[in-house]
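The values are calculated or read from the model by the stated rules, or taken from the named source; none is laboratory data. This structure is a prediction, so every number in the text was calculated from the model and none was measured. Neighbour counts are summed over all protein chains in view; Cβ atoms, including those assigned to glycine, are modelled from backbone coordinates with ideal geometry.
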Amino acid sequence: MSVAQMLPPAVTTKGPSLETIGMTKVFGSLVALNDVSIKVPAGSFHALLGENGAGKSTLVKCIMGFYIPDKGALKLDGQEVAVHNPRDAQALGIGMVYQHFTLVPSLTAAENLVASRADAPAVINWRKERRELETFLDRMPFRVPLDRPVSSLAAGEKQKLEILKLLYLNQRFLILDEPTSVLTPGEADEILGLLRDMAHRGEITVAMISHKFREVEAFCDDVSVLRRGAKVGGGKVGVLTTREMAAMMIGDAVIRQSAARVDPPRIGASLEIAGLFVENDEGRDAVAGFDLKIKSGEIVGIAGVSGNGQSELVEALSGQRPIKMGQVLINDQDFEPKRDHFYRFKVFGLPEEPLKNATVPTMSVAENMAFRSFDKPPIASMKWWLSPEPMRAQARDLIARYNVKTPTPDTPIRDLSGGNVQRAVLARELSVDVDVLIVANPCFGLDFVSVADIRAQIMDQRNRGAAVLLVSEDLDEILELSDRIAVISEGKVAYLTPAAGADRTTIGRYMAGH
Amino acid sequence: MSTGAPTASEVPAVAMKPAAGSDFALRLRANSEYVAIPAFALLMAALLFALFLLAIGKSPIDFVAYVWRGGFGTAFSFQNTLQRSSPLILTALAVAIPARIGLIMIGAEGALVLGGFAAAAIAVPMIGVAPPFLTLAIMVVAAIAVGGLWVGIAGYLRYARGVNETIASLLLTYIGIAIMNFFVEGVLRDASNPNKPSTKPLGDAYMVGKIPGTDVHWGFAVGVLLAIALYILMTRTTFGFAARVTGGNFRAALAQGLPVGKLIVSCAMIAGGCAGLAGFFEVAAIQGRANASLAAGYGFTGILVSFLARHNPLVIVPVAILFGGLVASGGLIQRRMDLPDATVLVLQGLIFVVLLTSETLYGRFAFFKPIKGRDRT
């Protein structure tokens with residue numbers, strides 16, 4: 001019998017304090033969490049900072065009961081509590097907002113709220129529930145339309161509904177896992193502001209996983225920094241500088257300096273997209289009349305709230321999705337995403353999550369590095385015959401030049417770490433002359449060092465004359481790398497501005513579709 | 001990453017154990033998993049089948065003895081086994097090649113039946129007119145072409161229309177058998193044979209001979225050579241490489257601009273061609289005519305052979321011989337142990353179920369996972 005079942009359900013309306021003491025979690029030979037103690041005072045807004053894989057989510061999952069820690073204790077309002085599963089956490093009033101929505105899209109907000117209740121009756125008296133929902137919402141600092149299907153709500157409203165759901169379930173310690181990644185900057189600021197105000201009124205306590213310094217500094221009270229499973233620092237926001245927080249996150253790793261923007265010595269190719277229409281999986285036009293021209297030696301960043309046609313645009317340009325209408329021109333010649341055109345026009349790509357999108361996990365590193373070259377000499381002879389030795393030689397060369405850490409060229413690529421897979425793909429795509437480069441969320445899921453390395457490589461290609469299309473959900477990345485910024489909204493370019501002097505607020509407004 | 005299991009990059013270096021043993025030994029250990037788990041599955045299936053035999057009051061030891069005697073024990077029975085394994089090699093190849101491109105095709109039976117029927121049908125007007133060698137050559141071409149077309153349809157439907165290739169190829173099998181029956185019982189029926197509706201017999205002069213010095217027809221040798229050829233095709237040519245990329249990650253293949261449609265249909269057609277060839281040998285080396293006996297289940301046993309061989313063309317040959325022995329001893333077991341001929345099917349079914357279940361065991365045993373020299377980023 002768990003502790004949660006022995007306690008009466010928490011019916012407080014105050015945000016509790018929460019403390020972890022010496023949390024440790026070991027997976028096999030991996031120490032994912034090493035003696036982590038953090039303290040979140042009641043009514044505060046706490047930030048958990050750390051690199052990808054630093055142990056933030058392991059810590060949160062231990063608090064939520066998804067994992068059972070090997071060592072360590074959890075204290076709520078100073079009392080030690082045992083959480084054996086997520087239901088225990090819920091009963092104690094600890095709730096979590098995930099990176100991606102957990103609402104049922106076809107149901108209304110009211111239905112989502114009532115259905116989320118563990119004690120929802122088999123037959124629901126909607127009139128009574130509605131009355132209770134209204135009184136509940138009257139006590140809340142913000143509300144959402146109750147009667148529209150969730151699918152028709154904007155991302156910001158969905159996120160508010162996720163938070164309302166936790167409050168409705170009387171959960172007063174909220175854990176947010178990168179809650180703003182699907183929001184425009186405006187929506188993010190609004191929601192974080194509301195949460196901070198509620199926390200400061202003592203109604204809730206918030207712990208937020210983030211890697212956006214700007215948000216942490218603007219909204220949070222305290223911060224804990226994790227690195228490689230251990231707590232390496234923390235303190236009051238405002239006392240700690242951004243530089244100090246970054247240094248704690250990265251440790252002593254050397255970060256590659258971003259390559260300077262220089263005028264390219266050669267004129268490569270220009271990429272022109274004219275009147276492009278691409279359907280999504282449901283057969284609707286996700287890309288609808290997209291026009292854009294990218295010059296040689298230019299990075300154009302595509303900013304936008306995810307789901308506005310970015311992934312369909314990238315998939316269409318890289319041959320993964322048919323083009324319904326419109327033209328793609330490279331140097332004023334028709335481009336079709338076929339192998340011979342990729343080769344002739346020197347079109348290369350860096351997709352997001354390369355292990356999933358750009359490799360065959362079960363094939364060897366050498367084979368994966370040969371995807372562009374296996375059907376050309378010296379690997380192929382007589383068009384058909386494949387020689388493993390030149391393939392391995394090419395791999396050895398690329399492994400050395402791009403510093404890919406792999407036991408042998410014959411190791412299956414799935415056995416490499418994320419950063420090394422990314423470097424292997426970079427080596428394949430960028431080791432020859434590149435005229436057109438199509439990049440989508442290149443740094444998703446990577447650590448600081450890899451991120452800096454990859455951004456420098458992209459800049460390097462630009463400086464060597466490539467036309468670069470950069471789609472990213474990370475506005476900071478777009479602001480850092482781009483020469484021009486295009487905002488995509490409902491499948492077309494809503495706003496185009498030179499990156500120098502671009503205004504975050506204006507971009508955010510166009511992202512939101514205004 | 002803020003969700004999902006922790007990766008190696010989360011661990012301090014201290015937690016990494018150095019790899020033990022030489023590189024070759026490690027690779028051998030890692031690969032032995034692919035032998036040990038199917039062998040374990042075979043053993044488990046054998047145990048279950050022994051229980052089945054005990055439950056119906058028969059001796060499992062007798063059963064083993066008769067399989068040995070009927071399939072492997074004497075020169076005669078072993079040659080019989082090799083003969084039976086010939087269609088199994090070919091139909092297993094018909095499963096293995098599509099599997100390499102990520103498709104589970106189980107339509108070898110239909111392609112075998114239609115290929116054999118096409119060979120027999122095209123021979124009818126040539127018997128006694130054209131020389132045997134030319135007739136056999138045309139029969140081979142017809143069998144491969146029709147078989148290839150038949151499975152090719154399932155491949156095309158998969159690529160162009162997203163139709164599930166497993167269901168499509170299975171249903172095409174039933175259509176194929178029905179088409180053969182339609183002709184064999186109709187316009188192509190040999191009027192002089194009142195017992196079983198069949199096409200006109202080829203006659204001894206038009207039959208495929210035996211491998212010299214043996215009692216095994218040429219189909220076995222062709223099957224072995226084809227297995228080697230297809231192994232080379234899939235591992236040492238640009239076509240095979242492109243097919244493996246497509247099968248391993250369809251999205252990555254598209255992003256490399258590979259002609260995935262052509263690759264998929266080609267692999268399906270190669271598969272159908274293999275099964276069609278099996279049909280040719282059944283007609284031209286065994287039966288001498290096309291009739292309902294063509295649908296003897298070789299196409300379905302081939303599925304099992306290919307899965308047990310993990311779709312490796314070279315491994316298919318010994319596995320096919322093993323199953324050929326089971327098939328060959330079926331008659332003896334039926335007579336001596338007074339068991340229905342479906343008994344062997346029970347064994348095959350058990351093997352298949354246990355084998356598919358054992359797929360979940362891969363990667364679960366620390367023994368096969370020597371700690372790799374994973375490098376952190």
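Go through the stretch A:485-514 residue by residue and tally those that are touching a helix residue (DSSP H, G or I) at 6+ places or on another chain (Cβ under 7 Å), modelled with pLDDT of 90 or more and over 17 Å from A:VAL182 (Cα atoms).
Going through the stretch A:485-514 one residue at a time, the tally reaches 3.
Are there strands (runs of 3 or more DSSP E) fully within the stretch A:432-514 with at least 1 residues that are among the hydroxyl-bearing types (Ser, Thr, Tyr), in contact with a strand residue (DSSP E or B) (Cβ under 7 Å, 6 or more places away or on another chain) and not assigned by TED's automatic domain parsing to the domain that holds A:GLY55? List them.
A:492-498
Specify which of the listed residues (A:PRO361, A:PRO377, A:PRO337) is of a type outside the set (Ser, Thr, Tyr) and crowded, with 22+ Cβ neighbours inside 10 Å. Show your work before the answer.
On the way: A:PRO361 fails: crowded, with 22+ Cβ neighbours inside 10 Å; A:PRO377 fails: crowded, with 22+ Cβ neighbours inside 10 Å.
Checking each option against the conditions leaves just A:PRO337.
Confirm whether B:ALA275 is farther than 30 Å from A:ARG392 by Cα, out of contact with any His (no Cβ under 6 Å at 6 or more places or on another chain), of a type in the set (A, V, I, L, M) and not in a loop (DSSP other than H, G, I, E, B).
On the way: farther than 30 Å from A:ARG392 by Cα: yes; out of contact with any His (no Cβ under 6 Å at 6 or more places or on another chain): yes; of a type in the set (A, V, I, L, M): yes; not in a loop (DSSP other than H, G, I, E, B): yes.
The answer is yes for B:ALA275.
Does A:VAL254 satisfy the criteria of being over 21 Å from A:ASP435 (Cα atoms) and modelled with pLDDT of 85 or more?
In short, no.
So which pairs qualify, if the first residue must be in the stretch A:370-392 and under 14 Å from B:ARG236 (Cβ atoms), the second must be part of a strand (DSSP E or B) and of a type in the set (Ser, Thr, Tyr), the Cβ gap must be under 8 Å, and the two must be at least 6 apart or on different chains?
The qualifying pairs are A:TRP384/B:THR237; A:TRP385/B:THR237; A:LEU386/B:THR237; A:SER387/A:SER381.
Scan the stretch A:32-67 for residues that are without any contact (Cβ under 8 Å) to a residue 40 or more places away in the chain and touching a His at 6+ places or on another chain (Cβ under 7 Å) and report the count.
1
Do we have any residue at all in the stretch A:175-196 that's in the same structural domain as A:LEU59 (by TED's automatic domain parsing), loosely packed, with under 14 Cβ neighbours inside 10 Å and not charged (D, E, K, R)?
Taking the stretch A:175-196 first, the residues in the same structural domain as A:LEU59 (by TED's automatic domain parsing) are A:175-196.
The next check asks that each one be loosely packed, with under 14 Cβ neighbours inside 10 Å; those that pass are A:193.
From what is left, the residues that are not charged (D, E, K, R) are A:193.
Checked the stretch A:175-196: at least one residue is in the same structural domain as A:LEU59 (by TED's automatic domain parsing), loosely packed, with under 14 Cβ neighbours inside 10 Å and not charged (D, E, K, R).
Quick grid of which residues meet (1) more than 10 Å from every other protein chain (Cβ to nearest Cβ); (2) on the phi < 0 side of the Ramachandran plot; (3) out of contact with any helix residue (DSSP H, G or I) (no Cβ under 9 Å at 6 or more places or on another chain):
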site: A:ASP340; (1), (2), (3): no, yes, yes
site: A:GLY349; (1), (2), (3): no, yes, no
site: A:PRO361; (1), (2), (3): no, yes, no
site: A:ALA366; (1), (2), (3): yes, yes, no
site: A:ALA370; (1), (2), (3): no, yes, no
site: A:ASP375; (1), (2), (3): no, yes, no
site: A:ILE379; (1), (2), (3): no, yes, no
site: A:LEU386; (1), (2), (3): no, yes, no
site: A:PRO390; (1), (2), (3): yes, yes, yes
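Taking the stretch B:306-316 as the search range and keeping residues that are under 18 Å from B:ALA221 (Cβ atoms) and buried (at least 22 other Cβ atoms within 10 Å of the Cβ), which one is nearest to the chain's Cα centre (by Cα)?
For the stretch B:306-316, the residue satisfying everything is B:ILE316.
Conditions (1) buried (at least 22 other Cβ atoms within 10 Å of the Cβ); (2) under 21 Å from the mean Cα position of the chain (by Cα), marked per residue:
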site: A:PHE444; (1), (2): no, yes
site: A:ARG462; (1), (2): yes, no
site: A:ALA467; (1), (2): yes, no
site: A:ASP474; (1), (2): no, yes
site: A:ILE485; (1), (2): yes, yes
site: A:THR497; (1), (2): no, no
site: A:ARG504; (1), (2): no, yes
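Residue under question is B:ARG289, and the condition is that it be farther than 24 Å from B:ALA65 by Cβ, crowded, with 22+ Cβ neighbours inside 10 Å and of a type in the set (Lys, Arg); does it hold? Please lay out each step first, then the result.
Values: farther than 24 Å from B:ALA65 by Cβ: yes; crowded, with 22+ Cβ neighbours inside 10 Å: yes; of a type in the set (Lys, Arg): yes.
It is true that B:ARG289 is farther than 24 Å from B:ALA65 by Cβ, crowded, with 22+ Cβ neighbours inside 10 Å and of a type in the set (Lys, Arg).
Please verify whether the stretch A:223-236 includes one or more residues that are basic (Lys, Arg), under 28 Å from A:PHE348 (Cβ atoms), over 22 Å from the mean Cα position of the chain (by Cα) and surrounded by 14 or more Cβ atoms within 10 Å (Cβ to Cβ).
no
Need a quick list: helices (runs of 4 or more DSSP H) entirely within the stretch B:198-263 having at least 2 residues that are away from chain A (no Cβ under 14 Å), touching a Leu at 6+ places or on another chain (Cβ under 6 Å) and crowded, with 17+ Cβ neighbours inside 10 Å.
Counting at least 2 such residues, we get B:218-236.
Return the residue satisfying two criteria in turn: it lies in the stretch A:9-29 and is touching a helix residue (DSSP H, G or I) at 6+ places or on another chain (Cβ under 6 Å) and not in a loop (DSSP other than H, G, I, E, B), and of such residues it is modelled with the highest pLDDT.
So, considering only residues that are touching a helix residue (DSSP H, G or I) at 6+ places or on another chain (Cβ under 6 Å) and not in a loop (DSSP other than H, G, I, E, B), the one modelled with the highest pLDDT is A:MET23.
State all residues of the stretch B:130-158 that are of a type outside the set (A, V, I, L, M, F, W, C) and within 19 Å of B:ALA96 (Cβ to Cβ); if no residue qualifies, say none.
B:GLY147, B:GLY148, B:GLY152, B:GLY155, B:ARG158 - these are the residues of the stretch B:130-158 that are of a type outside the set (A, V, I, L, M, F, W, C) and within 19 Å of B:ALA96 (Cβ to Cβ).
Just one of A:VAL60, A:VAL83, A:VAL104 is assigned to a loop (DSSP other than H, G, I, E, B), surrounded by 17 or more Cβ atoms within 10 Å (Cβ to Cβ) and on the phi < 0 side of the Ramachandran plot; which is it?
Going through A:VAL60, A:VAL83, A:VAL104 in turn, just one is assigned to a loop (DSSP other than H, G, I, E, B), surrounded by 17 or more Cβ atoms within 10 Å (Cβ to Cβ) and on the phi < 0 side of the Ramachandran plot: A:VAL83.
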